[in-house]
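Student: First, the structure itself, so that you have it in front of you.
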Amino acid sequence: MSRLLGDHMAIPASLEERWPVLAAEPTALAWLSIRSDLGLAPRTLDAYSLGLSEYLVFCAAASTDPLTAGRDHVARYVRELSQRPPRRPSADTSSAASPRLANATVQQRLTAVRLFYDHLVEEGVRDNNPVGRGRYAPGARIGGNRRRLVPHQVRLPWIPDEGDWRKILDVARCEPIRNRMMLALAYDAGLRREELCCLRTDDIDPGHRLLRVRAETTKGRRERVVPYSAVSGELLRAYLGHRAKITTARGPLFLPIL
């Protein structure tokens, strides 16, 4: 929690500096730069950059030119993704016996590669996309399910139990008031990280205990107004008093911890 806002507000480095492998493939770098210029959310751009970088590393290890790679090469990449262990242990104990990348992570990696090849097709570099978007299953109605390279799995989310919540609260009690305020608003209003970190002082309506979540900070680019609890209201009043000791200027609600 203490690093959440600091990381978010840091000035991002260029794509080449953050993902050195992209420098070896100008078309990949150009595609990501276009997505950035068109206003793609920073976190989504990071996900695409990571996914495409991993694919380029796989191509280099296989001595395959990504611009001419075929379906067989993509199939081998899918197999490698499906067998790759996760970087972090999962909270889901059901998959502990055979740890693999989560299905959603594999889908995300392939999405970056598929969109990259879509760009190459649009630019006339290739005639087809080796990743593709799946085919309609035989007998399926129009608009029905498609066959994908990797079947899409829908699993129940992990939900903290009473003991987990107590541990979270025990840790939160030791955090600075800013971090406790962030946790309270995130929980009350169901805010994503981007939405939480981008809140401004003029997004708050203390009289009605409402928050305005601006469209440009949301994933779906839809503005909304959400409530927060009376307890969070008291904590917010204390935090604003603390913030006023640092600065009285309007702007970001949550200031980085120095």
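The values are calculated or read from the model by the stated rules, or taken from the named source; none is laboratory data. Please read all numbers here as calculations on a predicted model, not as lab measurements. Note that each Cβ is placed from the backbone with ideal geometry, even for glycine, and that neighbours are counted across all protein chains shown.
Student: For the subset of the stretch 199-219 comprising residues that are within 20 Å of residue 44 (Cβ to Cβ) and outside any strand (DSSP E or B), which member is nearest to the chain's Cα centre (by Cα)?
Tutor: Of everything passing the filter in the stretch 199-219, 219 is nearest to the chain's Cα centre (by Cα).
Student: Let me ask something else. If I ask for residues that are crowded, with 17+ Cβ neighbours inside 10 Å, at pLDDT 80 or above and assigned to a helix (DSSP H, G or I), which ones from the stretch 4-34 would you list?
Tutor: 21, 22, 28, 29, 31, 32
Student: Sticking with this structure for a sec: Select from the stretch 215-236 the residues that are basic (Lys, Arg) and surrounded by fewer than 12 Cβ atoms within 10 Å (Cβ to Cβ) and write down the one among them that is nearest to residue 178 (Cα to Cα).
Tutor: Going through the qualifying residues, I end up with 219.
Student: Mind listing whichever residues of the stretch 165-183 are within 12 Å of residue 254 (Cβ to Cβ) and under 25 Å from the mean Cα position of the chain (by Cα)?
Tutor: Hits for the stretch 165-183 are 178, 179, 180, 181, 182, 183.
Student: Quick check, is residue 118 modelled with pLDDT of 90 or more and within 25 Å of residue 76 (Cβ to Cβ)?
Tutor: yes
Student: Filter the stretch 35-45 down to the residues that are farther than 14 Å from residue 118 by Cβ and part of a helix (DSSP H, G or I), then identify the one that is farthest from the chain's Cα centre (by Cα).
Tutor: 37
Student: Out of everything in the stretch 71-115 that is in contact with a Pro (Cβ under 8 Å, 6 or more places away or on another chain), modelled with pLDDT of 90 or more and surrounded by 15 or more Cβ atoms within 10 Å (Cβ to Cβ), what residue ends up being nearest to residue 51 (Cα to Cα)?
Tutor: Only one residue tops the list, namely 74.
Student: While we're here: Sort out which residues of the stretch 204-241 are touching a helix residue (DSSP H, G or I) at 6+ places or on another chain (Cβ under 7 Å), β-branched (Val, Ile, Thr) and free of Cβ contacts under 8 Å to residues at least 24 places away in the same chain, and write them in order of number.
Tutor: The one that is touching a helix residue (DSSP H, G or I) at 6+ places or on another chain (Cβ under 7 Å), β-branched (Val, Ile, Thr) and free of Cβ contacts under 8 Å to residues at least 24 places away in the same chain: 217.
Student: Looking for whichever is out of contact with any strand residue (DSSP E or B) (no Cβ under 6 Å at 6 or more places or on another chain) and touching a residue at least 40 places away in the same chain (Cβ under 8 Å) here; the options are 186, 244, 172. Which one fits?
Tutor: 172
Student: Which numbered condition trips up residue 244, out of (1) surrounded by 11 or more Cβ atoms within 10 Å (Cβ to Cβ); (2) over 30 Å from residue 106 (Cα atoms)?
Tutor: The one condition residue 244 does not meet is (1).
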